[in-house]
Every structure is written in C-alpha cells, then in structure tokens.
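Here's the structure we're looking at; comments come further down.
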Amino acid sequence: MVWLKRQGHSMPLKSTSSRYGTVAIGLHWVTAILIVALLALGLNAADAETDALRRTLLIPHIGLGLLVFALTLFRIGWWVLADKKPAPLASVPALQNHLATAVHVLSYAAILALAASGIATNVMAGVIDALSTGAPIPAMDGVPPRAAHGLLARLFMVLLVLHIGAALYHQFFLRDSLLARMGIGKLKD
C-alpha cells in the first residue's frame, strides 16, 4: 500500500474509520473546484449577449462538465468497489447523519442528471455541430432537456449551500473536527 506523508502523519490512499483517504479527499476537492467553475461558466453562458462570449463560456463548460461526470462515476465506483467511508462521528445525532447522507446521494444524482441533461441539450440543439464548424450557437431554450438542466443546476446549488453550511457549522460551532476528516485541519485525538 502506498502511503503519503502529511503533517508528520502517514495518510493512506484508502479511508480509515476516522478519516477519508487521499483518493477520496483528492476527488472531493478537485470536483468541488471544478463544480464552482462549472456553475460560474454555465450561469454566465446562459446570460451571454453575444455568440462569441457564449462560445467562449460553453467550450470549457462542456469540457469541465464531462470531466466532473467522469470523476463522479469514478468516485461512485471507488466507494462501491475499493473503499469504505469513515464511521459517522459519535457526537452527531442519527438524524443529522441521515440528512448528510441524503444530501450526498442527492448531490451525486444531481451531478449525473446535470451531465445527462447537458449532453442531451447540446446534442438536440446542435451545439456540438456549431462548436465544431464555427456556426452560431443555436438557441437552447426550446430544447426540453435545457429546462431540466437549469432546474437541476439550481437544485444542485441548494444542495451545495446545505453541504457547505453543514461543514462550516461543524467547523466553527460544534468544533468537532469534521473538516479534518476531509483533509482540512487536525483530527482531535
């Protein structure tokens, strides 16, 4: 097994009972950064006033969307086939653990549905052809999966706010080292 050194402690690739492993942590933070970029690109592309700006925003949005889709599939496979998540914190009530699990499952489902609706929108609207030929980007508002994509993006933003809010609540109010399990800070002994 490969071990990485972090703050004088060995950090395994796979998760332990108290901390996520290097692979899970890396997937989480890389995906998080890409999702923030995707949201910014997508929201701005939807409001772009010129074809040139829409094209400039859509090209990386599509590429990053496919990358997040692939990383999410890998992440799900990682949890199913290779790793186990750390045990829930004993100090966290069961209801909160169930809500956290629901937010995580809904987040994965939303990412997969966003990718599917984005791909369907681009194919049905002819966006890929337009991007490859230099033709103007076609209007997407009348394409059925486009409405689902926009709705899913807003739902995902709500889930993201819940996820980040819960992490900050644990970090600054409960001070239970929850973020340390995801590589930020030091675990309590």
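The values are calculated or read from the model by the stated rules, or taken from the named source; none is laboratory data. Remember, it's a predicted structure, so these values are computed and weren't measured experimentally. Because the Cβ atoms are built from the backbone with ideal geometry, glycine has one as well, and the counts that use them run over all protein chains shown.
At a glance:
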{"item": "Selection status of VAL123, part of a helix (DSSP H, G or I), more than 30 Å from GLY21 (Cα to Cα) and without any contact (Cβ under 8 Å) to a residue 12 or more places away in the chain", "result": "yes"}
{"item": "Unmet requirement for ALA109, which otherwise passes all of (1) under 19 Å from the mean Cα position of the chain (by Cα); (2) hydrophobic (A, V, I, L, M, F, W, C); (3) not in a helix (DSSP H, G or I)", "result": "(3)"}
{"item": "Filter pass, TRP3 being modelled with pLDDT under 95, among the aromatic types (Phe, Trp, Tyr) and either over 21 Å from VAL143 (Cα atoms) or exposed (fewer than 15 other Cβ atoms within 10 Å of the Cβ) (or both)", "result": "yes"}
{"item": "Residues (surrounded by fewer than 16 Cβ atoms within 10 Å (Cβ to Cβ), in contact (Cβ under 8 Å) with a residue 12 or more places away in the chain and over 18 Å from ILE33 (Cα atoms)) located in segment 167-179", "result": "LEU174"}
{"item": "Filter result (touching a residue at least 12 places away in the same chain (Cβ under 8 Å) and either within 27 Å of the chain's Cα centre (by Cα) or closer than 18 Å to SER117 by Cα (or both)) within segment 131-143", "result": "LEU131, ILE137, PRO138, ALA139, MET140, VAL143"}
{"item": "ILE76 surrounded by fewer than 14 Cβ atoms within 10 Å (Cβ to Cβ), of a type in the set (A, V, I, L, M), in a helix (DSSP H, G or I) and in contact (Cβ under 8 Å) with a residue 12 or more places away in the chain", "result": "yes"}
{"item": "Yes/no for GLY118 being touching a Gly at 6+ places or on another chain (Cβ under 6 Å) and either part of a helix (DSSP H, G or I) or surrounded by 12 or more Cβ atoms within 10 Å (Cβ to Cβ) (or both)", "result": "yes"}
{"item": "Given (1) assigned to a loop (DSSP other than H, G, I, E, B); (2) among the small types (Gly, Ala, Ser); (3) over 24 Å from ILE25 (Cα atoms); (4) in contact with a Ser or Thr (Cβ under 6 Å, 6 or more places away or on another chain), number of the condition ALA135 does not satisfy", "result": "(4)"}
{"item": "Number of the condition not met by SER91 [criteria: (1) in contact with an Asp or Glu (Cβ under 6 Å, 6 or more places away or on another chain); (2) surrounded by 13 or more Cβ atoms within 10 Å (Cβ to Cβ)]", "result": "(2)"}
{"item": "Test for ALA148: is it in contact with a Gly (Cβ under 9 Å, 6 or more places away or on another chain), closer than 25 Å to ALA37 by Cβ and not β-branched (Val, Ile, Thr)", "result": "no"}
{"item": "Residue selected from segment 28-50 under the condition surrounded by 13 or more Cβ atoms within 10 Å (Cβ to Cβ) and not hydrophobic (A, V, I, L, M, F, W, C), by the criterion farthest from VAL105 (Cα to Cα)", "result": "ASN44"}
{"item": "Meets criteria (at pLDDT 95 or above and either of a type in the set (Val, Ile, Thr) or buried (at least 17 other Cβ atoms within 10 Å of the Cβ) (or both)) for LEU160", "result": "yes"}
{"item": "Checking SER15 against (1) among the small types (Gly, Ala, Ser); (2) in contact with a His (Cβ under 8 Å, 6 or more places away or on another chain); (3) not in a helix (DSSP H, G or I), the condition it does not meet", "result": "(2)"}
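Here is a yes/no grid of residues against (1) over 17 Å from the mean Cα position of the chain (by Cα); (2) of a type outside the set (Ser, Thr, Tyr):
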| position | (1), (2) |
| --- | --- |
| TRP78 | no, yes |
| LEU81 | yes, yes |
| PRO86 | yes, yes |
| HIS98 | yes, yes |
| SER117 | no, no |
| ALA125 | yes, yes |
